[in-house]
1. Largest first and in whole Å, what are the equivalent-ellipsoid semi-axes of region 110-194 based on the Cα gyration tensor, each being the root of 5 times an eigenvalue?
2. So, with a 1.4 angstrom probe, what is the percent of accessible area on region 1-126 that is carbon and sulfur?
3. What FRET efficiency would be calculated for the residue pair Arg17, Arg106, taking the C-beta separation as r and a Förster radius of 35 Å, to the nearest 0.05?
4. Using alpha carbon coordinates only, what is the Rg to Rh ratio of region 1-43, with Rh defined as the Kirkwood radius?
5. In the chain, what is the volume of the convex hull around the alpha carbon atoms, normalised per residue and reported in Å³?
6. May I ask you to give the solvent-accessible area per residue for the chain, in square angstrom, as obtained with a 1.4 angstrom probe?
7. Can you list the lysines whose alpha carbon sits under 25 Å from that of Lys46, skipping same-chain ones fewer than 8 residues off?
8. Under 15 Å from the Cβ of Arg170, count the other residues' Cβ atoms, weight Lys and Arg +1, Asp and Glu -1, and hand me the total.
Amino acid sequence: TTLTVNCYHSMFKGCERLTEAPDLPAKNLAEYCYASMFEGCTSLTKAPELPATELRIKCYYSMFKDCRSLTTAPELPATELAENCYGNMFEGCWDLTEAPDLPANRLVSNCYAYMFHDCTSLTKAPALPATNLAEYCYGNMFDGCSSLTEAPKLPANYLQPYCYSYMFKRCTSLTEAPELPATNLRSYCYSNMFEECTSLTEAPELPAPY
């Protein structure tokens, strides 16, 4: 139940007929421990429980990437994140309709980058309560989520470089942008945030004084 670096990395990658995942009870993770573990398992319909509350660098990186039959994501209770811990985790999960809760308040660099990239059936985003952001923390998080109709609230006032960059790129069903109350900005913090959001009719207020 205590893992080591890269221990399950790419273990079932490309097992296209795998329909059921094993139990993963470990609460003590390690860097890259589950990275790409089920990547390309196109018949996998249910993810195992992931009970860890303290994550490690890239521990879940691309774990379910291209699991196109996955309809439900596991609960993700962790509040102590690590660099790129959820990066690309559900990228290309075409049948995923709802995202899990993400309760962490203090983010780290790239923690949610590309997490739901090209999840074309995702209709609802999770609440994002964090007020302590980090560089590229939400970068490309919902890029290509063409069924997403509503964006989550983004309450942070102090932004970081690239924190929201490309966050909603190609969300072609998004009709309303979230409020953006931040007054303390950083370089490229909003860059390309709503690129190709072709249904967006009104822009949010941008109150930053300088």
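The values are calculated or read from the model by the stated rules, or taken from the named source; none is laboratory data. Since the model is a prediction, treat every value here as computed from it, not as a measurement. FYI the Cβ positions are ideal-geometry reconstructions off the backbone, even for glycines, and counts take in every protein chain you see. Side chains included, ligands, DNA and RNA excluded: accessible areas come from the protein's heavy atoms. Shrake-Rupley method; radii C 1.70, N 1.55, O 1.52, S 1.80 Å.
1. Details: eigenvalues 79, 32, 24 Å².
Taking √(5λ) for each Cα gyration eigenvalue gives 20, 13, 11 Å.
2. On the way: 2520 of 5850 Å².
On region 1-126, the fraction of accessible area on carbon and sulfur atoms equals 43 percent.
3. Numbers: r = 40 Å, r/R0 = 1.15.
After rounding, the FRET efficiency stands at 0.30.
4. On the way: Rg = 10.8 Å, Rh = 10.7 Å.
My calculation of the ratio gives 1.00.
5. Details: hull volume 18.7 nm³, N = 210.
Each residue corresponds to 89 Å³ of Cα convex hull volume.
6. Numbers: 10070 Å² over 210 residues.
With the other protein chains kept in place, the chain gives 48 Å² per residue.
7. Lys13, Lys27, Lys58, Lys65, Lys124
8. Details: positive: Lys169; negative: Glu91, Asp118, Asp143, Glu195, Glu196.
Local charge sum for Arg170: -4.
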